[in-house]
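Structure record follows, encoded as structure tokens.
The values are calculated or read from the model by the stated rules, or taken from the named source; none is laboratory data. Note that this is a predicted model, so its numbers are computed, not measured. All Cβ positions, glycine included, derive from the backbone under ideal geometry; neighbour counts span all protein chains shown. Surface areas here come from the heavy atoms of the whole protein model, side chains and all, with no ligands, DNA or RNA. Shrake-Rupley method; radii C 1.70, N 1.55, O 1.52, S 1.80 Å.
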Amino acid sequence: MAHDITLRYLGHSAFQIRHGSFDLLIDPFLTDNPCAAVKAAELEPTHILVTHGHGDHLGDTVAIAKRTGCQVITVHEIAEWLTVKGIDAWGMGAGGGHTFDFGRVTTTLAHHSSSFDDGSYAGSPVGFVLQLDGRTIYHAGDTALFLDMELIGRRFALDVALLPIGDNYTMGVCDAVMAVEMLKPVLTIPMHYDTFPPIAADPADLRDRLEAKGFGVAILAPGDLHFLR
Ligand code: NI
Ligand code: MN
């Protein structure tokens, strides 16, 4: 009997995924996020996953990891940077997978940039495919639309795709529709929009376009839950 998986949208690209005794955080940008659903101090994750070094993704990772002692799973260069700060970090490279105690993580390409707040090099950005107890979730990170999403859709039977739609820094609604046609997830949840004026977007437009093509969409407000059975 598989456990329910609870997905909670925390705003921007931040998600909390609870599964059994595991509590995963992805891209926990909370303190400086005007739309954050929770305060960083309220979270007790077992693991944090970070797609790239930009402040709106790395976010509160250091403070949460130092307080809780949780492990951070991220790209090699960010893992090295965290290790110097005394944080338990696990480094990966794009295309690599690893089976952890909570499930399997595979990093994917993401077409974007990545640096720390001081401008220093943070490796290449990634997305994550999480395989948890028979369910598969893709968090695209920050990315442009790219044709190799077709490969992700062939390689994994995605239950959920978390896709940026805010435009300007990442793909927007039109490109997210093309991404879904390649990824073929059962459900798409938009992210990385409306946090700041340059990434204002209309998630209802995405929903209408995808539903017309037979794809499922759930628009979550910060704080909303979605249950994966
Ligand atoms: Ni970014
Ligand atoms: Mn971003």
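The set of residues in the stretch 189-229 being without any contact (Cβ under 8 Å) to a residue 24 or more places away in the chain and either assigned to a helix (DSSP H, G or I) or open to solvent by less than 50 Å² (accessible area, probe 1.4 Å) (or both) consists of Pro197, Ala204, Arg207, Asp208, Glu211, Ala212. Is the stretch 28-42 home to any residue that is buried (at least 24 other Cβ atoms within 10 Å of the Cβ) and out of contact with any Asp or Glu (no Cβ under 7 Å at 6 or more places or on another chain)? For the stretch 28-42, residues buried (at least 24 other Cβ atoms within 10 Å of the Cβ) and out of contact with any Asp or Glu (no Cβ under 7 Å at 6 or more places or on another chain): absent.
May I ask you to list the residues in the stretch 134-146 that are more than 15 Å from ligand 2 (Cβ to nearest atom) and buried (at least 16 other Cβ atoms within 10 Å of the Cβ)? Let's see the steps before the verdict.
Taking the stretch 134-146 and keeping what is more than 15 Å from ligand 2 (Cβ to nearest atom), we get 134-138, 145-146.
Of everything in the stretch 134-146, those that are more than 15 Å from ligand 2 (Cβ to nearest atom) and buried (at least 16 other Cβ atoms within 10 Å of the Cβ) turn out to be Arg135, Thr136, Ile137, Tyr138, Leu145, Phe146.
Answer yes or no as to whether Lys184 is over 20 Å from His47 (Cβ atoms), charged (D, E, K, R) and either surrounded by 14 or more Cβ atoms within 10 Å (Cβ to Cβ) or within 16 Å of ligand 2 (Cβ to nearest atom) (or both).
For Lys184, the condition - over 20 Å from His47 (Cβ atoms), charged (D, E, K, R) and either surrounded by 14 or more Cβ atoms within 10 Å (Cβ to Cβ) or within 16 Å of ligand 2 (Cβ to nearest atom) (or both) - is met.
Within the stretch 206-229, being of a type in the set (Asp, Glu) and more than 19 Å from Ser13 (Cβ to Cβ) holds for Asp208, Glu211. The criterion of at least 1 residues that are within 23 Å of Ile165 (Cβ to Cβ), within 15 Å of ligand 2 (Cβ to nearest atom) and among the charged types (D, E, K, R) is met, among helices (runs of 4 or more DSSP H) falling completely within the stretch 1-117, by 55-58. Scanning the stretch 1-27 for residues that are open to solvent by less than 20 Å² (accessible area, probe 1.4 Å) and of a type in the set (S, T, N, Q) turns up Ser13, Gln16. Checking each residue in the stretch 91-114 for being under 24 Å from Tyr169 (Cβ atoms) and open to solvent by 30 Å² or more (accessible area, probe 1.4 Å) picks out Gly93, Ala94, Gly95, Leu109, His111, His112, Ser113. If we scan the stretch 144-152, do we find a residue that is within 15 Å of ligand 1 (Cβ to nearest atom), under 19 Å from Pro190 (Cβ atoms), touching a Ser or Thr at 6+ places or on another chain (Cβ under 8 Å) and among the β-branched types (Val, Ile, Thr)? No: zero hits. Kindly establish whether Gly59 is surrounded by fewer than 22 Cβ atoms within 10 Å (Cβ to Cβ) and either within 16 Å of ligand 1 (Cβ to nearest atom) or not β-branched (Val, Ile, Thr) (or both). Taking the combined requirement at face value, the residue does not satisfy it. Given the structure, is His52 open to solvent by less than 50 Å² (accessible area, probe 1.4 Å) and more than 16 Å from ligand 1 (Cβ to nearest atom)? In short, no. Taking every residue in the stretch 115-133 that is open to solvent by less than 60 Å² (accessible area, probe 1.4 Å) and pairing it with any residue that is assigned to a loop (DSSP other than H, G, I, E, B) and among the β-branched types (Val, Ile, Thr), at least 6 positions away or on another chain, the pairs with Cβ-Cβ distances below 7 Å are Pro125/Thr51; Val126/Thr51; Gly127/Thr51; Gly127/Thr143; Phe128/Thr51.
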